[in-house]
Amino acid sequence: METKSNVVLIGMPGAGKSTLGVLLAKALSMPFVDTDIHIQTAEAMLLQEIIRERGMDGFKRLEERHVLSLECRGHVIATGGSVVYSQRAMEYLKRHGTLIFLDLSLDPLLRRIRDMDARGIVRAPGQSLVVLFEERRPLYERYAHFRICCDGKGHEQIVGEMRDLVQGDTGRKEPSRPGQETT
């Protein structure tokens, strides 16, 4: 596949953006960037340390700055789950790529995420995963070009769906219907 457009994965923490992003990058022979790793490397700190030191708002500003500094084209990009709080970052990512919302329902997320503090998840003090899910889901839906329901699917099937979306999307100038879903 030859394209200058990025493929950007968005979704809740625990939805599999990083794992699926690496697999998709391999399938499409594209480089891979994980914005959380990019931030940790640039700041020489773990996400949870940054959140603890700078607070939720400080982290969100830092995340926005790092996302806006990305100058890659033709990459698969796995974003942090909180990137959707920045309209500027999301518009930037959308201008330079196809945004795919990896939608995993709440029950599997609750099983995958045991310790939100250890994961470095941006949230208000005491905010539960349930409330965070309800808060962020409409934002993912707003910005996504496509939505893939990940419930009950293996990595291979999800990567295949993403590959098909992206390859069918090559050369697109305007986003297709926001939130177009695959099942």
Anything in segment 22-47 that is touching a helix residue (DSSP H, G or I) at 6+ places or on another chain (Cβ under 9 Å) and small (Gly, Ala, Ser)? List them, or say none.
Ala27, Ala42
Residue ID - nearest to Cys149 (Cα to Cα), chosen from residues in segment 71-82 that are of a type in the set (A, V, I, L, M) and touching a Ser or Thr at 6+ places or on another chain (Cβ under 7 Å)
Ala78
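Identify all residues within segment 16-46 that are of a type in the set (Ser, Thr, Tyr) and assigned to a helix (DSSP H, G or I); write none if there are none. Talk me through it step by step, then tell me what you get.
Initial filter on segment 16-46 (of a type in the set (Ser, Thr, Tyr)): 18-19, 29, 35, 41.
Correct list: Ser18, Thr19, Thr35, Thr41.
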Which of the residues that make up segment 26-41 are within 13 Å of the chain's Cα centre (by Cα), hydrophobic (A, V, I, L, M, F, W, C) and within 18 Å of His155 (Cα to Cα)?
Phe32
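Among the residues of segment 54-84, what is the count of those that are more than 18 Å from Gln127 (Cα to Cα), part of a loop (DSSP other than H, G, I, E, B), touching a residue at least 40 places away in the same chain (Cβ under 8 Å) and not hydroxyl-bearing (Ser, Thr, Tyr)?
Of segment 54-84, the ones more than 18 Å from Gln127 (Cα to Cα) are 61-79.
From the residues that got through so far, the ones that are part of a loop (DSSP other than H, G, I, E, B) too are 69-75, 79.
Those left that are additionally touching a residue at least 40 places away in the same chain (Cβ under 8 Å): 72-75, 79.
Keeping just the survivors that are not hydroxyl-bearing (Ser, Thr, Tyr) gives 72-75.
Going through segment 54-84 one residue at a time, the tally reaches 4.
Hey, among Ala118, Ala89, which residue is small (Gly, Ala, Ser) and touching a residue at least 60 places away in the same chain (Cβ under 8 Å)? Before you say what the answer is, go through the steps one by one.
Values: Ala89 fails: touching a residue at least 60 places away in the same chain (Cβ under 8 Å).
Checking each option against the conditions leaves just Ala118.
Let's see how each residue does on (1) part of a helix (DSSP H, G or I); (2) within 16 Å of the chain's Cα centre (by Cα); (3) within 30 Å of Gln167 (Cα to Cα):
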position	(1), (2), (3)
Gln48	yes, no, no
Arg52	yes, no, no
Lys94	yes, yes, yes
Asp107	yes, no, no
Arg114	no, no, no
Val122	no, yes, no
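On the given criteria, is Val122 exposed (fewer than 14 other Cβ atoms within 10 Å of the Cβ) and either closer than 28 Å to Leu28 by Cα or not polar (S, T, N, Q) (or both)? Spell out the reasoning first.
Values: exposed (fewer than 14 other Cβ atoms within 10 Å of the Cβ): no; either closer than 28 Å to Leu28 by Cα or not polar (S, T, N, Q) (or both): yes.
Against the criterion (exposed (fewer than 14 other Cβ atoms within 10 Å of the Cβ) and either closer than 28 Å to Leu28 by Cα or not polar (S, T, N, Q) (or both)), Val122 does not qualify.
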Scan segment 5-38 for residues that are closer than 22 Å to Val130 by Cα, in contact with a strand residue (DSSP E or B) (Cβ under 7 Å, 6 or more places away or on another chain), crowded, with 20+ Cβ neighbours inside 10 Å and not aliphatic (A, V, I, L, M) and report the count.
3
Among the numbered criteria (1) surrounded by fewer than 16 Cβ atoms within 10 Å (Cβ to Cβ); (2) modelled with pLDDT of 95 or more, which one does Tyr143 miss?
(1)
For Leu102, work out the one condition from (1) assigned to a helix (DSSP H, G or I); (2) touching a helix residue (DSSP H, G or I) at 6+ places or on another chain (Cβ under 8 Å); (3) modelled with pLDDT of 95 or more; (4) within 28 Å of Gly152 (Cβ to Cβ) it doesn't fulfil.
(1)
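The values are calculated or read from the model by the stated rules, or taken from the named source; none is laboratory data. In this text, all values refer to a predicted model and were calculated from it rather than measured experimentally. Backbone-built Cβ (ideal geometry, glycine too); neighbour counts: all protein chains shown.
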